[in-house]
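Colleague: Please see the structure below; I have some questions.
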Amino acid sequence: MARDWGTVCQEATSRFPPLLFYTHSLISDSESLIARLRSGDPRALARAISAVENRAAGWSELLQAIFPHTGKARVLGLTGSPGAGKSTLVDQLAKHYRKENHSIGIIAVDPTSPYTGGAILGDRIRMQDHCSDPGIFIRSMATRGALGGLARATADAATVLDASGRDLIMIETVGVGQDEVDIVRLADVTIVILVPGMGDDVQTIKAGIMEIADIFVINKSDRDGADRVEREIRALQSLATRNDHWTPPIVKTVASEGVGTQKLADAITDYEAFLRKENLIFKKNVENWQERLVEMLRDAMLEKARARMEENNGSLERYAAEIAQHRRDPYSLVEQIVRGDNRK
């Protein structure tokens, strides 16, 4: 027997909430969505994050509408090499802050395969203890080819979580290398996680990712070599002083057993107190927004350039083929696109 479209959509939405069927209605019920989002409704929160992540119709207007309601959440960034135990440490911190009755949003970024375009998004498997806790919202995101340890929509997702009234937002980056440091432009507190036994420790912890740390964590510190990692961090700290004169503390943890979680939380509190005492919070926010504005402008200009190429029947593939065949040079082509004249 034939069924009406409304019934079909209702059934489908109940089976696959809330990732499907939001694009068309995002603008029409944006006021309702924002009201439910601000009340902490997890379905509205998931729907809003999906909209900004997928750049669905009305995503920019949604962010514009909720931005005045942001700026209250504390953002913690946790970064480090693959296998450092970031997810487990995030899980332990979440348990700690929930005992203090803080509401939490977690964004876990997973790498996207350069071959298939897929991502496992498996961080929530390690955080199953929180699946029934309405005070914790966990969202996994794929990098979709973005470098720097974050997805392009991570900052926007954090904005949505902030507007939903979450007290604390924790962002776990992809397992990163020495210069993938985008998290520092987004987080209020950046935690760099290291582990002993990763080979040449000096090579592992040298300049780059080391310079962004507000707090160092040596996880799996029950392993041999933890003291050596600590000594080498302190040796590096003695070679240079930060502009704000903060010396990042070193906290040893065994996240799988919950060891050191309280000390890490205390170190976070101490750094936040230092920022308030030195009146550095506003300065840090300004610096972060400078970097984010540049990134936002870069993305907007890139989309504008792509639209111009399509209007003039151009394509990256065609231009790349012409350059590979030496039928044109890339330098003049880029200048033409920037001027808005990329016709052949």
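Colleague: Any chance you could list the semi-axes, whole Å, largest first, of the equivalent ellipsoid that the Cα gyration tensor gives for the range 209-344, using √(5λ)?
Modeller: The equivalent ellipsoid of the range 209-344 has semi-axes of 49, 21, 15 Å.
Colleague: Would you mind putting 72-84, 92-104 in packing order, based on average other-beta-carbon counts within 10 Å, highest first?
Modeller: 72-84, 92-104
Colleague: With the convex hull built on the Cα atoms of the range 210-286, state its orientation-averaged projected area in nm².
Modeller: Average projection, Cα convex hull of the range 210-286: 5.6 nm².
Colleague: Would you mind checking 99/277; 220/283; 220/277; 252/284 for any pair whose Cα atoms are more than 31 angstrom apart?
Modeller: Result: 220/283; 220/277 exceed 31 Å.
Colleague: How long are the three semi-axes of the equivalent ellipsoid for the range 286-339, computed from the Cα gyration tensor as the root of 5 times each eigenvalue, in whole Å, largest first?
Modeller: Semi-axes from the Cα gyration tensor: 28, 12, 9 Å.
Each reported figure results from applying straightforward, stated rules to the coordinates on display, with no laboratory input. Please read all numbers here as calculations on a predicted model, not as lab measurements. Every residue, glycine as well, gets a Cβ built from its backbone with ideal geometry; the counts of neighbours run over all protein chains shown.
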